[in-house]
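The values are calculated or read from the model by the stated rules, or taken from the named source; none is laboratory data. None of the values given here were measured: they were computed from a predicted structure. Here the Cβ is made from the backbone with ideal geometry for all residues, glycine too, and neighbour counts use every protein chain on show. Surface areas here come from the heavy atoms of the whole protein model, side chains and all, with no ligands, DNA or RNA. Shrake-Rupley method; radii C 1.70, N 1.55, O 1.52, S 1.80 Å.
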Amino acid sequence: MAGRLSALVLLLGLALGQTLYLPLDDRPPNWAPCAWGLVLCPPRAAYRGPEGADEALLRAWLLATPGERLVASLDALAYGGLLQSRHRALSPEEALARLEPLLSWRGRHGGEVFLFGVVPRWDASRRERNLEVLRRLAPWALLEGLYLEAVWDDALKDSPAPREARELPYPSRPGADEAGQVLLLRALRPGLRVGVVYRGVGAERVTPYEALPLRETVAGLLRSAGAQEVALAEGPDLVLYAYGGQDPRGAARELLGLMARFPVALADLARVNRGDPGLMAYLQDLGLYGRLAAYASWGTPANNLGSALAQGGLFLSQSQGRLERLAEAYFAYWWGEVGRPHVRARFAEPLPEEAQGVVALWPYWALEGYRVDLEGLGFPWRRAFEAQGRLRLHPLSAPSRLVE
C-alpha cells in the first residue's frame, strides 16, 4: 500500500511539473514538438487533418490534465485550427466561449499560460470575426501568469494584417506555424542570450510574407521567445544566423568561424519553403551540418527564423535531441528539393498511398556518426506541400533511434 501511495505521489509530482502543448493543428511544424520528449500533447485523434480539431476532445483533455505550464493555440480551441479559422461560421461570442477552458485550466491547476492567436491572411472570409475575438481578449493580457500574443499569417503586399496586429494592445509579429515552438522556448528556457548575424540579406530588407524589415521580424521573434539580443563580443548562448542566399561559399566560411566560438542556429531564407542547395552542399562537404545547433528552411522567413531559434535554444545542451532535430530539418529540406516536386509531378491530390513510394529517392546520408534512414512517410493532409517522415538514426554501435 505504501509503495503504491509513493508511486502515486511521484506520478502526481511529474504531472504537476510537466508542460502541456496544444498545437495549432497537426501539420508537421505544429505537431513536431509532441515527439520531442519535452511536452505533453492531446491525443493525436483530437486532430483530424483538414477536417480540423475535435474541440470537445481538446477541452476535455485540457481540463483533466494538470501541469506547470501550458502553451496553446487559440485558433485550435476556438475554430479547430488555422485553416478552419479562415472560413468557419461562428459568432465572436461562440468562439470566445470555446476559449474559456484556458482560464479554467489556469484557475484549476495554477500553471503559467502562454497563448497565441492568428491575425488571418488576406483571403480569409471570417477576418472581421477573428479580429473581433482577438480584440476582446485584450483583458487576458493583463492577467498575472498569462502571456498573450498575436501573429499575422502570410502578409503579402498591401495586406492589412500588420496594421491590424499592431492595433492590438498586446505583442504581435509575423509568423504562424513556428509560433508554438517559439512560445515553448519562452516557457522552458526564458532569458536566452542570442547574437544575430545577417548574411546575404540586409537587416532592413522587407522579406516575403512578413511586410516588415527583417530586423523587426527578428526582434519580434526574440521578444516572443523571452530572449535577449546581445553582441557577439558579449558571448551569446546562441547565434541566430540569417542566410539570404547569393554567396553560399562565403556563408560556409563565415559559419566555420562562428561555430568555433558559439552554437549556431541557421535559418536559410534564400527561398520561401525551400533551402539553398549550394549552401547545403557546402555544409555537408565541410562537415558543418551536423555541428549546427539547429537548421530550418521549410517555410517563410519568420517560420525558419523561429524554428531555428526555438530548436537551437531548446536543445542547446541535449546532443541527441539536437541531432534528431537536425535530421528532421534535413528531411524538410529534402522534401522541398526532391520529394515534393517528384510527388506533384506524378499524383493528383488528395494523394493516394502510392505517393509514399517517394521514399525510394532518399539518399544515403550520414550525420555525425549516424546513418539516417527514411523508413516511411505520411501525408497528414493528403497533399504534397507537407510530409511527415519516419526517420531512424543508426549509430555505429547502439540501438537505433526512431524520429517521427
Look at region 224-241 and say how many of its residues are within 20 Å of ARG205 (Cα to Cα) and open to solvent by 50 Å² or more (accessible area, probe 1.4 Å).
-> 1
With respect to ARG261, determine if the residue is closer than 29 Å to TRP334 by Cα, basic (Lys, Arg) and open to solvent by 30 Å² or more (accessible area, probe 1.4 Å).
-> yes
Would you please name the residue that is farthest from GLU149 (Cα to Cα), looking only at residues in region 170-217 that are part of a helix (DSSP H, G or I) and aliphatic (A, V, I, L, M)?
-> LEU214
For region 242-343, which helices (runs of 4 or more DSSP H) that fit wholly inside it have 3 or more residues that are over 22 Å from GLU204 (Cβ atoms) and over 16 Å from the mean Cα position of the chain (by Cα)?
-> 248-259, 277-285, 319-334
Every residue from region 45-87 that is open to solvent by less than 20 Å² (accessible area, probe 1.4 Å), touching a residue at least 60 places away in the same chain (Cβ under 8 Å) and more than 21 Å from GLY107 (Cα to Cα) = GLY49, LEU82
Residue check, VAL182 against (1) open to solvent by less than 10 Å² (accessible area, probe 1.4 Å); (2) out of contact with any Ser or Thr (no Cβ under 6 Å at 6 or more places or on another chain); (3) within 17 Å of GLN311 (Cα to Cα), all met but one. Which one?
-> (2)
Inside region 351-371, the number of residues satisfying the requirement of being part of a loop (DSSP other than H, G, I, E, B) and either under 10 Å from ALA384 (Cβ atoms) or among the basic types (Lys, Arg) (or both) is 1
Tell me which of these ALA95 doesn't satisfy, since it passes every other one: (1) surrounded by 20 or more Cβ atoms within 10 Å (Cβ to Cβ); (2) under 16 Å from ALA141 (Cα atoms).
-> (2)
Cβ pairs under 6 Å, 6+ apart, first in region 122-134 and closer than 11 Å to ALA161 by Cβ and among the aromatic types (Phe, Trp, Tyr), second assigned to a loop (DSSP other than H, G, I, E, B) and modelled with pLDDT under 95 = TRP122/SER159
